[in-house]
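All remarks here apply to the structure that follows.
The values are calculated or read from the model by the stated rules, or taken from the named source; none is laboratory data. Only a predicted model underlies this, so the values are computations on that prediction, with no experimental measurement involved. When we count neighbours, we look across all protein chains shown, and the Cβ atoms used for this are built from the backbone with ideal geometry, even at glycine. Remember, those area values only see protein heavy atoms, side chains included, never the ligands or the DNA or RNA. Shrake-Rupley method; radii C 1.70, N 1.55, O 1.52, S 1.80 Å.
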Amino acid sequence: MRNERETVPTSTAPTTRESLSEKSCLTCKVIGSTAFAATGLYALHASRASAPGSVNGKRIMGGLGICFLIGSVMRWHM
């Protein structure tokens with residue numbers, strides 16, 4: 001006969017998105033966001049009008065720069 005107060009052990013592995021994001025420490029967020037932002041700013045700097053290279057290459061670098069800056073913001077908020 002089972003005791004009504006017995007509990008069934010549950011898994012401690014994170015399974016939801018919230019529990020995964022709780023594992024990111026502040027230092028990880030700062031370093032990750034800074035790395036993405038620095039890469040984005042470098043790509044935007046490489047896409048300036050006076051930089052050497054083709055027009056299409058500059059457009060690609062500008063798009064990548066924007067994507068990395070968006071990634072930086074997403075990394076900070078996730």
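What about residue 39, is it of a type in the set (Ser, Thr, Tyr), modelled with pLDDT of 90 or more and open to solvent by less than 90 Å² (accessible area, probe 1.4 Å)?
It is true that residue 39 is of a type in the set (Ser, Thr, Tyr), modelled with pLDDT of 90 or more and open to solvent by less than 90 Å² (accessible area, probe 1.4 Å).
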Query - Residue match in region 57-68 (condition: of a type in the set (A, V, I, L, M, F, W, C) and over 30 Å from residue 25 (Cα atoms)) - result: yes
Requested in this report: Take region 50-69 and flag every residue that is among the β-branched types (Val, Ile, Thr) and open to solvent by 90 Å² or more (accessible area, probe 1.4 Å).
Outcome: 55, 60
Requested in this report: Scan region 22-68 residue by residue and report those that are in contact (Cβ under 8 Å) with a residue 12 or more places away in the chain and in a loop (DSSP other than H, G, I, E, B).
Outcome: 24, 47
